[in-house]
1. Looking only at segment A:78-131, filter to residues that are β-branched (Val, Ile, Thr), surrounded by 24 or more Cβ atoms within 10 Å (Cβ to Cβ) and out of contact with any Leu (no Cβ under 8 Å at 6 or more places or on another chain); which one of those is farthest from A:Pro164 (Cα to Cα)?
2. Taking segment B:307-334 on its own, how many of its residues are at pLDDT 95 or above and within 10 Å of another protein chain (Cβ to nearest Cβ)?
3. Going by the structure shown, is B:Phe236 surrounded by 21 or more Cβ atoms within 10 Å (Cβ to Cβ) and either more than 12 Å from every other protein chain (Cβ to nearest Cβ) or over 19 Å from the mean Cα position of the chain (by Cα) (or both)?
4. Select, from B:Val119, B:Val84, B:Val136, B:Val144, the only residue that is under 25 Å from A:Trp92 (Cβ atoms), touching a helix residue (DSSP H, G or I) at 6+ places or on another chain (Cβ under 6 Å) and not assigned by TED's automatic domain parsing to the domain that holds B:Ala231.
5. Consider A:Ala136 carefully, then state whether it is crowded, with 24+ Cβ neighbours inside 10 Å, facing chain B (nearest Cβ under 10 Å) and either out of contact with any Phe, Trp or Tyr (no Cβ under 8 Å at 6 or more places or on another chain) or among the hydrophobic types (A, V, I, L, M, F, W, C) (or both).
6. Just checking, which of B:Val202, B:Val177, B:Val211 is away from chain A (no Cβ under 12 Å), touching a residue at least 40 places away in the same chain (Cβ under 8 Å) and surrounded by 22 or more Cβ atoms within 10 Å (Cβ to Cβ)?
7. Here are some residues: A:Glu141, A:Glu175. Which one is more than 18 Å from the chain's Cα centre (by Cα), within 11 Å of chain B (Cβ to nearest Cβ) and touching a residue at least 40 places away in the same chain (Cβ under 8 Å)?
Amino acid sequence: MRRLAVIALCGLAVIGSGCGLKAQGSVHRAGTHQTNSTPHQGVHTRSPATPSPISTPIPSPAPGVDLHSATAVADAEVTATWTVDTTVDTSWYAAELRATAYMTKSYATSIRQNPPASGPGAMWLTWATHQATAAAAITTEDDPGGPIDTTTSAYRKVLATVTPHGTGGWTEPPEVWATFVVLIRSAQGAPWQVSTTETTR
Amino acid sequence: MSTSTLTAAATAVLALVFGIVGLVVVVAGSASSTASSPVLATAAIPIAGLVPVLDQAGSLCPGISAPLLAAQIDAESGWNSSAVSSAGAEGIAQFIPATFAAYAQDDAGTGSVSPFNSVDAVMAMGRYDCALLADVSGIGSQPVSLMLAGYNAGVGAVLRYNGVPPYPETEAYVAKVEALVSTYSVTLAQSAGATSFGQAVVTAVTAQLGVPYSWGGGTPSGASFGFASGAGTIGFDCSGLVLYAVAQASLGQIGLPHSSELQATMGTPVAMADIQPGDMIAFALGPDPTDFDHIGIYIGNNEMIDAPYTGVDVRVDTLNSYWQSVPLAIRSFG
């Protein structure tokens, strides 16, 4: 079954923290790439990143999201990931942090401990120039070849169509991303959480 | 070695890689690179003065290339040498200051080093890419993907996950850069009377017969590790196989989404009576007749090649009464 849900900008996963989470998004770890030596000395071994911790609490799921529906949780997580406001957020990372509301603790912790090590990219820079916001239009795609759900694990493929809207009516063709989502829960009747995802074109 | 010799050598390599017969090279401007690397399409570089710099940086170590660096620059800044992100990244390569300081030299010979000097920045990017490649060597079979992931997420995350970390921004960055490489590589085009595009699609997909199904697997460049049940398998799922075949046939110029539902809406619609080899054929197997949840490539003789499901390899399926009893959509790219 195909479903389409256009989620209002910042309508999810920002409860109690305002739309955009500028403080989180602005956390940038210049030391993410820690070098033991300069490259021109011929030694490239680098210690694993030692990221600064994200001090703010993991956000709560938005009200109205049925946490007992794997599909609803997957949709909410992907929506949060691709819903941004460039006038408030400093990069896609701010949205990823909002999406941690729907993740397992270990996945959320990994996201929080690993902010991006480079800039948000040319597309973001363009969007920011136009003070754009973007809301994700979500479609859950059935995939008969994919894994079969069990009582405590579920698999979803979610398509996000992300269209920017800037000042003066500015817009661009949408970006479309496919996200494979794995969800788990402790037992039947427990809420679902996203344990990992894979994003592709 | 002369440029023309280099071009001829690169042509031979590309023709072998893509397995397409009857194609001729159309160079978008002059080409320059080493014979062992993808050839930089110089006309695609918006800052002409950077062509030799890209060539130099792209030859700093095996595994990187001038087109790869150009694709990274496109994704990072859109060739804006004065770009500054609100996250603190600077210049054409969008370096974080500490990273730039570690890899930059006065390559421009200005007496100073700046991320806003594109020569310094591009050369630093080359050195950094080489360092990342060395760091991720031995992890997997797709070192460039891992290197790009390290560029975006930090090498620590790549090492911890022993692969591309599951961060949407990082995965999107890797996919975007890899798709852009073809934009900056010498392109091939079909000559009059050469093999048709559809036949090129068939050639590409036929070469994958017997490759395992892998949920989430398949990129424009080939089979890949999938996800969840496909995590340990290099292969294709149905839409991954189709996007691969079309990308190969179009030499990277047509990038399809990893979605049968969306693929079924792209290209030109074709009636069943007019179906040709190389056309995409999608099926709605569930209750929604507009939800095309499976897709394959028609190869003629009432047959298609598809990646069916976990446990079954890419195979030839006859379009029997079952397949013809469900809603279907046929799409063509030429």
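1. Among those residues, the one meeting the criterion is A:Thr100.
2. Residues flagged as at pLDDT 95 or above and within 10 Å of another protein chain (Cβ to nearest Cβ) within segment B:307-334 amount to 1.
3. The answer is no for B:Phe236.
4. The conditions single out B:Val136.
5. Answer is no for this residue.
6. Answer to the check: B:Val202.
7. A:Glu141
Every residue, every condition in (1) under 19 Å from B:Ala149 (Cα atoms); (2) surrounded by fewer than 19 Cβ atoms within 10 Å (Cβ to Cβ); (3) away from every other protein chain (no Cβ under 11 Å), yes or no:
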residue: B:Cys61; (1), (2), (3): yes, yes, no
residue: B:Ile64; (1), (2), (3): yes, no, yes
residue: B:Ser86; (1), (2), (3): no, no, no
residue: B:Gly91; (1), (2), (3): no, no, no
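The values are calculated or read from the model by the stated rules, or taken from the named source; none is laboratory data. Given the structure is predicted, the values throughout are model-derived calculations rather than measurements. All Cβ positions, even for glycine, are placed from backbone atoms using ideal geometry, and neighbour counts span all protein chains on display.
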